[in-house]
Every structure is written in C-alpha cells, then in structure tokens.
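The values are calculated or read from the model by the stated rules, or taken from the named source; none is laboratory data. What you see is a predicted model; the values in this text were computed from it and never measured. We place every Cβ from the backbone using ideal geometry, glycine too, and count neighbours over all the protein chains shown. Surface areas here come from the heavy atoms of the whole protein model, side chains and all, with no ligands, DNA or RNA. Shrake-Rupley method; radii C 1.70, N 1.55, O 1.52, S 1.80 Å.
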Amino acid sequence: MSNILAIAQKELKGYFAGPIAYISIGFWALMYGWFFNALLQFFVRQSMQMNQFGMQGPQAMNVNQQLIRPLIQNVTVLILFVMPMVTMRTYSEEKRSGTIELLLTSPLTDFQIIVGKFIGAMALYLVMLAVTLIHIGVLFIYGNPEWKPIVTAYIGLILMGGCFISVGLFISSLTKNQIIAGMVTFGTFLMLWVITWIGSFSGPTIDKLTQYVSIIDHLDDFGKGVLDTTHIIYYLSFITFGLFLTAKAVDSERWRG
Amino acid sequence: MIEVQHLSKRYGRVTAVDDISFKVERGEILGFLGPNGAGKTTTMRVLTGYIPATEGKAIVAGFDIFEQPIEAKRRTGYLPETPPLYPDTSVIDYLGFVARIKGVPAGERRQRIRQVMERTRIDDVGGRLCGKLSKGYRQRVGLAQAILHNPDVLILDEPTAGLDPKQIIETRQLIKELAGSHTIILSTHILPEVSQTCQRVVIINKGKVVAVDTPDNLTARLRGSETMYVQVDANGADASSALGRVPGVTRVAEAERKDHCVSYEVDSERGRDVRRDLARTIVNSGWGLLELRPMRMSLEDIFLSLTTDETPAPATDGDAPAEAAPAESAES
Ligand SMILES: Nc1ncnc2c1ncn2[C@@H]1O[C@H](COP(=O)(O)OP(=O)(O)O)[C@@H](O)[C@H]1O
Ligand SMILES: [Mg+2]
C-alpha cells in the first residue's frame with residue numbers, strides 16, 4: 001500500500017511540476033464555467049417563460065432535471081478533451097526518459113505501479129471535479145436544488161472518469177510517444193462517446209447493445225439521482241479491465257524488450 | 001553474490017546475449033567490457049529484473065531474479081545507461097521518492113539521503129531540478145539513487161560515460177570506495193577503466209563471453225614474448241644483425257626507417273631482460289641509441305584481438321600488433 005501511495009503521490013506531484021495540471025484544470029474550469037453559464041441562462045429564460053404562462057407546481061422548472069443533468073452530460077465532453085492530457089504521459093514519458101527502468105527494477109509489483117498511477121490521475125481528476133463544486137455551490141446559494149441527485153451524479157462522474165483514465169493508462173503503456181498516446185486516447189474516447197449516438201439512430205437491439213457498451217449511457221441514471229448497482233458494477237469492472245490490459249501491456253513489453 | 005548460468009536473451013531474431021555464464025564474489029568489482037552492441041546493457045537489464053531472459057538463470061544477492069524478483073531487487077542498486085531522473089523533480093524530492101520505493105524505512109530516509117548526497121558529492125544541488133543538472137551531476141544523482149538503500153549488489157551501466165576526465169577519476173574513486181561493502185558489476189567499453197577499477201574482467205563480444213580473468217592475467221596470458229622497441233642512428237649501417245646476435249634475442253624486425261634513424265622491433269625470450277645488452281651492443285658499435293623501450297601488449301590490443309576478427313594494425317606509437325591466440329571461449 002505504501003508503495004502504491006508513493007507512486008500516486010509522485011504522479012500527482014508530477015502533474016503539478018509540469019504544465020499538465022494547470023492546463024487541464026484551467027481548461028476544465030473555463031469550459032465548465034462556460035457550459036454552466038450557458039445552461040443557466042437557458043434555464044433562467046425558460047423558467048421566466050414558464051412563469052409568464054403561469055405554470056406552477058410539479059410542472060415548474062426543476063433545477064436538477066433542467067440544469068444539473070445537462071451540465072453533468074456536458075462534463076463528459078470535457079473529459080473527452082482533458083483526460084487524454086492527463087493520462088497520455090503516465091507510461092509514455094517514463095518509457096521515453098528511461099525512468100521506467102527505475103520503477104521496474106525497484107522492489108515494486110506491476111500492480112502497485114499501475115494502481116499508483118491510476119490513483120494519481122484520479123486525484124488530479126478529483127481536483128478538477130472539486131472546481132465544479134464551486135458552481136454547484138452557487139446554485140445552492142441562489143436556489144434550492146435537491147442535493148441527493150447531485151451526490152449520485154458526482155459518484156457517477158468519478159466512476160466514469162475512472163473508466164476513461166484506465167483506458168488512457170492502457171494506451172499510454174503502448175507507446176513511448178506521449179503525443180501519439182494523447183491522440184490515440186482522444187480518438188478512442190471519441191469512439192466511446194460516439195457509440196451512444198450510433199445506438200440512438202439504429203434499431204432497438206443495437207441501441208440496447210450500445211447503451212450497455214457506452215460508458216456515458218451508464219451515467220444517466222446517476223444524474224437522475226439513482227444509485228443502481230448494475231451501473232456501479234459496470235464501471236468498476238470496466239476500470240478493472242482497463243488496468244488489467246495495462247498490466248498485460250507492461251508485461252508483454254517486458255518480454256519483447 | 002551474483003551467479004549467471006547459461007543466460008541468453010533474444011530480441012525476435014537478434015541474439016543480444018548468447019549463453020553467458022560467470023560469477024561475482026562478494027565485495028568484488030567485476031568489469032563488463034565489450035564494444036557497443038556487445039550485449040552489456042542487455043545482460044545488466046536481465047540481472048536487474050528489467051527484462052526476462054530467454055534462457056538461463058541468474059542469482060542475484062542470493063535470490064533467483066526470475067523466481068523471487070522482489071527480494072532480488074530489494075538488494076540491488078542499478079544505474080542504467082541514462083540515469084533515470086524525473087526532470088521536473090528536485091534532487092532531494094527525487095531521492096525521497098526513490099527511498100520510498102526502494103523500501104528505506106521512513107525514519108531513516110532523511111539521514112540516509114543526506115549521507116548518500118555527501119558521498120556522491122551532490123549535496124550542493126539538492127534543491128535543483130534534475131532536468132537542469134549537468135551531465136556530471138546527473139550521473140552522480142543516478143549513482144546516489146543506486147546506492148540509496150545500501151544494496152548488496154550494485155549494477156552500473158557505463159557509469160563514467162560522458163563525463164569529463166576529472167569527473168571520471170572522481171567516479172572511479174567512489175566506485176572503488178563502494179566495493180567491499182557492495183558487490184559491483186560495471187560495464188564499460190573503455191579499457192583503462194577496467195584495469196584501474198576492476199579486479200576481474202569479463203570480456204563480451206557479440207553476446208558471447210570471450211574471456212574472464214584479472215586485467216593483469218589477461219595482459220600476461222596474451223603476451224607470447226617480450227618485445228623491445230629500439231631506435232638506432234647507425235649512420236646507414238644495418239644494425240639488425242648485430243642486434244640479433246645479442247644473447248636471448250629471438251627475432252629482429254625493421255619497423256621504420258627515416259634518414260639515418262632505423263627503428264626495430266626486437267623479440268626476446270620470455271622473462272629475459274635484454275635491454276642492457278642491447279644498449280651496450282649499440283653504443284659499443286659507435287651508433288646512436290635514440291630510443292629503447294619495452295612494448296607491452298596493452299589491454300587495448302588484447303581487447304581488439306579478442307573482439308575483432310581481423311588482426312589490428314600496429315599502432316603508430318609502436319605498440320605491438322596483437323599476436324594473440326584466437327578468441328578463446330569462456331571459462332568458469
Ligand atoms: N529492445 C531491443 N530490441 C531489439 N534489439 C535490441 C534491443 N536492445 C538491444 N538490442 C540489440 O542487442 C544487442 C546488444 O545491445 P546492448 O545490450 O545494448 O549492447 P551494449 O550495451 O553492450 O552496447 C545489439 O545488437 C542491440 O541492437
Ligand atoms: Mg550499453
């Protein structure tokens with residue numbers, strides 16, 4: 001465990017020692033703020049129109065449904081752009097600079113290194129998510145959204161982010177070149193993202209299938225305030241599988257030399 | 001301390017290391033000598049558990065590196081060809097991280113890092129970023145990293161490569177100080193390094209061990225006879241027959257002729273010093289003796305003769321061509 005933490009801390013420090021942490025957090029905060037602002041204005045306009053028509057009660061605008069849920073959906077777009085930056089160098093850079101030789105000749109298991117790197121990236125992601133809590137806080141000051149769907153949405157976001165990180169980690173372990181790693185990761189994320197649309201345009205069986213495969217579709221229930229174990233298990237298995245593939249890649253690299 | 005048995009490593013169809021075997025005793029410094037591409041780095045990577053071998057066995061610090069890699073790694077310090085530094089990390093932070101992953105107990109880390117920094121003379125750059133260090137400092141931080149957890153075995157891949165002469169001397173000195181408490185394998189493609197630092201040499205070429213011995217023995221073993229280099233101003237006369245009559249001399253060959261000055265290579269029986277008689281003969285004949293010196297076969301020549309197929313040309317400074325036996329196969 002202490003080995004895992006040592007790696008995780010080194011990773012997190014590494015993000016902040018270079019530009020990655022600042023670029024990704026900055027980009028994240030900026031884009032999140034922009035989405036938030038756009039959605040909020042849209043929401044305010046809509047609810048004013050609603051008021052004009054004199055609609056009240058259960059039909060009225062719901063902050064959770066009309067603002068927070070679409071906002072969370074938009075976070076998935078942000079992940080698409082930001083997460084490749086976070087994961088692209090995890091392995092590539094160690095391989096390029098030769099520091100991987102230090103890690104692999106130290107008394108560490110591959111598991112400890114991989115999980116350590118995963119936790120390090122997760123920690124940076126949590127910092128990014130923490131930035132978004134500021135916006136949510138604002139909603140609590142000026143409105144009264146339900147907190148439960150927000151909590152479940154964030155649990156969903158954390159799990160979904162973990163899936164993307166495990167994929168990014170795997171791709172980074174395949175190449176020495178962090179730029180290639182970043183681009184391939186972006187492409188892969190895009191595919192995972194696009195699958196959802198393909199599903200909605202196709203027949204019901206394919207739709208069902210893509211809904212299951214799509215990381216993003218599984219987030220929807222979390223946004224509605226539902227904590228469904230199938231989704232949680234899906235995400236956790238996805239992460240485990242990603243880390244497993246990374247372990248396989250690291251090991252086969254070792255055999256190939 | 002280290003035992004390598006029939007180790008082979010193939011990358012696809014390239015055989016980088018081909019059935020090598022050797023042993024290193026506790027406290028010994030073993031030089032791993034070979035031209036570029038000989039398989040030194042590959043062997044060291046196998047011994048440190050970075051890559052698995054295709055065949056064979058290696059025991060490091062009492063543990064099989066393939067069966068119990070963690071235990072073996074715990075007792076091994078490794079300086080790769082390029083020091084594995086994180087450019088954005090300060091030297092102190094870097095060593096702190098290494099201490100953690102190498103399993104130095106939390107309470108001892110601070111003191112251990114300070115000791116090692118003093119020992120490798122990097123205490124003045126503790127706060128600097130590793131990426132901003134000069135090559136010499138980088139190499140020393142790499143060395144500090146390798147000895148941080150006080151390992152039984154130290155594996156150093158070309159520890160003096162790219163350093164300036166002063167740094168090279170310092171590094172060699174440091175390595176010698178480390179021997180005794182550590183068992184060391186160091187690789188190099190530079191010969192003087194081996195004779196100055198190592199007690200034993202493994203010469204490796206194209207993945208195969210071609211010789212294992214002490215530097216002195218290697219020199220002696222390959223020297224068939226004693227050869228003298230003699231330069232004479234004989235006013236145009238031929239001195240070779242006179243020199244050939246000196247007792248003990250077996251052969252006289254003209255090496256070079258410039259105006260009046262003629263240079264000869266004079267072979268003599270082994271263990272017989274013919275210098276005095278040669279000098280007397282020349283002076284008594286009324287010639288000028290310009291130069292007289294033994295031509296010992298240097299480690300350089302031995303190395304060349306063992307690692308190249310063609311016979312090396314005699315060096316211009318008069319060193320003898322290698323008349324060494326064809327590359328011998330490994331012993332031990
Ligand atoms: N990762 C690798 N993939 C393929 N061939 C390699 C690899 N590493 C080394 N080699 C080959 O193995 C041989 C030995 O290389 P190396 O051990 O680096 O030699 P040295 O350290 O003695 O210069 C060389 O021919 C080299 O090209
Ligand atoms: Mg090498």
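Assorted remarks:
- Of the strands (runs of 3 or more DSSP E) that lie entirely inside region B:1-75, those containing 3 or more residues that are over 18 Å from residue B:102 (Cα atoms) and away from ligand 1 (no atom under 15 Å from the Cβ) span B:2-11, B:14-24, B:55-60.
- Candidate set: region A:107-128, residues that are open to solvent by 30 Å² or more (accessible area, probe 1.4 Å) and within 19 Å of residue A:249 (Cβ to Cβ); chosen: the one nearest to the chain's Cα centre (by Cα): A:119
- A count restricted to region B:19-38 and to residues that are open to solvent by 10 Å² or more (accessible area, probe 1.4 Å) and either more than 16 Å from ligand 2 (Cβ to nearest atom) or under 27 Å from residue A:250 (Cβ atoms) (or both) stands at 8.
Listed here are the residues, each with its yes/no results for (1) modelled with pLDDT under 90; (2) closer than 19 Å to residue A:69 by Cα; (3) surrounded by 18 or more Cβ atoms within 10 Å (Cβ to Cβ).
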site	(1), (2), (3)
A:176	no, no, no
A:183	no, no, no
A:190	yes, no, no
A:204	yes, no, no
A:215	yes, yes, yes
A:226	yes, yes, no
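- Residues in region B:56-79 that are at the interface with chain A (Cβ under 7 Å from one of its Cβ atoms) and surrounded by fewer than 24 Cβ atoms within 10 Å (Cβ to Cβ): B:70, B:74.
- Just one of (1) surrounded by fewer than 21 Cβ atoms within 10 Å (Cβ to Cβ); (2) out of contact with any Leu (no Cβ under 9 Å at 6 or more places or on another chain); (3) among the small types (Gly, Ala, Ser) fails for residue A:168. It is (1).
- Per the conditions (1) at pLDDT 85 or above; (2) within 16 Å of ligand 2 (Cβ to nearest atom), the sole criterion not satisfied by residue B:173 is (2).
- Of all residue pairs spaced 6 or more apart or on separate chains, those with beta-carbon atoms under 6 Å, a first member in region B:32-44 that is within 14 Å of another protein chain (Cβ to nearest Cβ) and small (Gly, Ala, Ser) and a second member that is more than 6 Å from ligand 1 (Cβ to nearest atom) and in a strand (DSSP E or B) are B:39/B:17; B:39/B:204.
- Residues (more than 15 Å from ligand 2 (Cβ to nearest atom), open to solvent by 60 Å² or more (accessible area, probe 1.4 Å) and either under 14 Å from residue B:35 (Cβ atoms) or outside any helix (DSSP H, G or I) (or both)) located in region B:192-210: B:199, B:208
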